[in-house]
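Okay, so here's the structure we're looking at.
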Amino acid sequence: MHPALQGLLTITSVVAVCLSYYYLSNWFLDNVFLPARGKYSNRNINLANQIRPWLFMFPALLILLVYLAYPVLETLRLSLTERHAYGDEWVGLANYAQMIKDQKFWEAVSNNMMWLAIVPALSTGFGLLAAHLTDRIGWGNAAKSIIFMPMAISFVGAAVIWKLVYDARPIDQDQIGLLNALYLFFGGDAPQTWITKPFWNNLLLMVVLIWIQTGFAMVILSAALRNIPEETIEAAILDGSNPWQLFFRIKVPQIKGTILVVWTTITITVLKVFDIVFAMTNGHWNTQVLANYMFDKLFRANDWGVGSASVMVLMLLVTPILVWNVNNARKESQ
Amino acid sequence: MNNLVGHKSSLRWAVHISVAVLVVLWLIPTLGLLVSSFRTADQISTSGWWQALVTTEQNVIMRTAKPQDQQIIDGKYVIEGMLFSSKKSPEILAWGVSSIAIDDYIPGETAKLRKGGEISLRGDGYYHMVSDKPFKGSRGTRVFVKASMPPEFTLDNYRNVLFDPANVSGMAKAFLSTLTVAIPATIIPILIAAFAAYALAWMQFPGRALLVAFIVGLLVVPLQMALIPLLKLHMQIGIGKGFLGVWLAHTGFGLPLAIYLLRNYMVGLPKDIIENSRIDGATDFQIFMKIILPLSFPALAAFSIFQFLWTWNDLLVAKVFLFDSSGQTVVMTAKLVELLGSKGGNWEILATSAFVSIVVPLIVFFTLQKYLVRGLLTGSVK
């Protein structure tokens, strides 16, 4: 059968199965299992109302447990075992020890740290700048659309787009990559193969993610800027503050919370960055990052132990953000 | 406000210019690829895409027809034809037959050929080679041309990538695969999440706050965690590496955000309506279907856009959970990575394929931007 047709069939049947599950389980609860009639009608209604939420949540919870919660534990277990033909062998921390001795791992960690230091800061910074500036001009919304647009482009698509920018041709030919054309125009001596030049290539890969994430930061920060009470701004203007003071002393402090949210959201994206590196350099020329290192170990070296250990490192790095998020959510609901 | 702050006109200009610079910086990389996808392989590899937009003076090397095409006219051997195959022919400013002197002649002049015979070239690219002896060799004669090239674009790349059955890049098939992955992977999680979100927003039961916290926690769990354990599970229960596996995986990875977004939105719905219908005897199922779902349309739309963009653009999940040795189920992102590796130099195929994969998300983005922005705001500003 054609996969598209199969897809259509699956959609309809899954939707039908889901809806009938919710409908029938409800009906069963109210009419057969705990009917709201007879001697126990009141008790039944109360009981049914206590069970119903779980009926509504059951499919979601089941999928969350199988697809997210269980893998965390299973990955932890895999990181402590070695795979053999006869079965898994418990090896304690041997995988971690092996990983720590791997020079590629440290390259990935230090690159990841560099990504973490640069990408969230610049994306948030550019986003704030764009949000602040576009809110003050007539064609601001059109400008916003353009800056926001890379959000819709896949990391792989972005990698192709930027690879053309970074392209290098021999010196006796016309350059087709914008970066080299500019480099030569401004007095560079010879075209550079940028993505094979350590250190610079890392920055150039980061540019791709900054280009994508700035729009996200801009949209959220622009909403936050517009929510600032007018009185605080008017008061500052009457007191004679200049535009710089107005921005840095009055506006930015009032949206500190939102800036933090944007920063952490981009931080998580950065930690998981995989596609860009995979498509542009595949971790060569000193550009390895954790997510790609993990992919290498899991699917090329077929080493599930070390691969899982590196995923645990990733998990460890997001844990502070996880705890912070959960705490915030609990504070809010109280 | 603006007249208070922006009374300095120099400052206003600075704002306009800064925004213009940002917009240009953000647009140019994509524009480069778009322009390139409408150029021929020759054009892409000999000049920058920015030169394609205006008439430019360029030095190009062309070849005449091969000696095997020569005719005998009045006892002389003749090869003639047009240098440029395109309809909009460039205007030739100067030309030559040797790489040391590429602009020795002007159009209309005749040059002596090193191997005997002579060639004349008109401004429109028509050439006429004549010799007493037959032309030899397997390749045509090189002609160096300095010409002003008008902008010229072609749809051939798209025709080739999408419709040519012999095409190696197989983008049309990959397009269908991506579509087959993305649509169910968008619809299934919405349905499941909506019911759960309703329960978490409007039903009273012990442990509700804890569950919300659990879901917030799952929001940031890296999906890399799930790859090996789930792949093992899929293999064990017989799902294998097919579309069903990808749909389920995307559903799992999308659910936390879906539940979180929808719950945040549903909590804000007016309490009166829901309480009143409860009093009027509506069951939870009816309230959900008749009141909550229609009212939550903006949040449902926002999440569908997120999930659609995410599943359409995803590489990792598809690479791990969808594999078929015959290559029937390769998605577009995976195909692009393959092309980047094997055809790193074939920019006409690469640029066009990339655009084919980008165009659907861009359409979704520009038509439904309003919902996307609203969704982002419910999702992260708290």
Just to confirm my numbers, what's the Cα centroid distance between segment A:122-147 and segment B:157-236 in Å? 31
Counting only heavy atoms of protein chains, what accessible area per residue, in Å², does chain A have with a probe of 1.4 Å? 47
FRET efficiency, A:N31 to A:L203 (Cβ-Cβ, R0 45 Å, nearest 0.05): 0.10
Run the quick spin-label model on B:R122 and A:A142: label points 7 Å from Cα toward the beta carbon, then report their separation in nm to one decimal. 4.5
Going by a 1.4 Å probe on protein heavy atoms, which residues of segment A:178-205 end up with at least 40 Å² less accessible surface in the whole assembly than in their chain alone? A:L178
CD proxy, 222 nm, chain B: helix-only mean residue ellipticity via -39,500 (n - 2.57) per DSSP H run with n ≥ 4, per residue, nearest 500, stands at -17000 deg cm²/dmol
Hey, can you rank B:71-78, A:209-216, B:217-224 by average C-beta count inside 10 Å, highest first? A:209-216, B:217-224, B:71-78
Roughly how many Å² is the accessible area per residue of chain B, as a whole number, for a 1.4 Å probe? 46
Test of understanding: what is the full-extension gain from A:L65 to A:Q6, defined as 0.36 nm times their sequence separation minus their Cα-Cα distance? 18.5 nm
At a 1.4 Å probe, which residues in segment A:136-151 are at least 10 Å² less accessible with all protein chains present than in their chain isolated? A:R136, A:I137, A:W139, A:A143, A:S145, A:I146, A:I147, A:F148, A:M149, A:M151
Can you give the Kirkwood hydrodynamic radius of segment B:2-49 from its Cα pairs, in Å with one decimal? 13.3
In vacuum, with every alpha carbon of the protein assembly as shown counted as one equal point scatterer, what does the Debye formula give for log10 I(q)/I(0) at q = 0.05, 0.08, 0.12 Å⁻¹? Two decimals, please. -0.33, -0.76, -1.38
Estimated FRET transfer efficiency (B:S326, B:Q204; beta-carbon r; R0 41 Å; 0.05): 0.15
Ballpark to the nearest 100 Å², how much total accessible area do A and B bury together, probe 1.4 Å? 10000
Starting from the Cα of B:V267, step 7 Å along the direction of its Cβ; do the same at B:I61; then give the gap between the two resulting points in nm. 6.9
Per-residue ³J(HN,Hα) for segment B:283-293, Karplus 6.51 cos²θ - 1.76 cosθ + 1.60, θ = phi - 60°, Hz, x for Gly and Pro: 7, 4, 5, 5, 4, 4, 6, 8, 10, 5, 4
In segment A:129-153, whose amide N lies under 19 Å from the spot 7 Å out along Cα-to-Cβ of B:F366? List them in ranges. A:139-153
Would you mind checking A:K101/B:K241; A:K197/B:K335; A:K104/B:K232; B:K76/B:K146; A:K197/B:K319 for any pair whose Cα atoms are more than 32 angstrom apart? A:K101/B:K241
So for the pair B:S98, B:S10, with labels modelled 7 Å out along Cα→Cβ, what separation do we get in nm? 6.0
Roughly how many percent of the accessible protein surface of segment B:246-382 is carbon and sulfur, given a 1.4 Å probe and a whole-percent answer? 61
The percentage of the accessible area of segment B:116-227 (probe 1.4 Å, all protein chains present) made up of carbon and sulfur atoms, to the nearest whole number, is 63
With all protein chains present, chain A has a carbon and sulfur share of its accessible area (1.4 Å probe) in percent of 66
Would you tell me the accessible area of B:R63, worked out with a 1.4 angstrom probe on the heavy atoms of the protein chains, in Å² to the nearest 10? 100
How much accessible area does B:D314 have with a 1.4 Å probe, in Å² rounded to the nearest 10? 10
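The values are calculated or read from the model by the stated rules, or taken from the named source; none is laboratory data. Just so it is clear, the structure is predicted and the values come from calculations on it, not from any experiment. Cβ coordinates were reconstructed from backbone atoms using ideal geometry, including for glycine residues, and neighbour counts include every protein chain displayed. Only protein heavy atoms, including side chains, enter the accessible area calculation; ligands, DNA and RNA are left aside. Shrake-Rupley method; radii C 1.70, N 1.55, O 1.52, S 1.80 Å.
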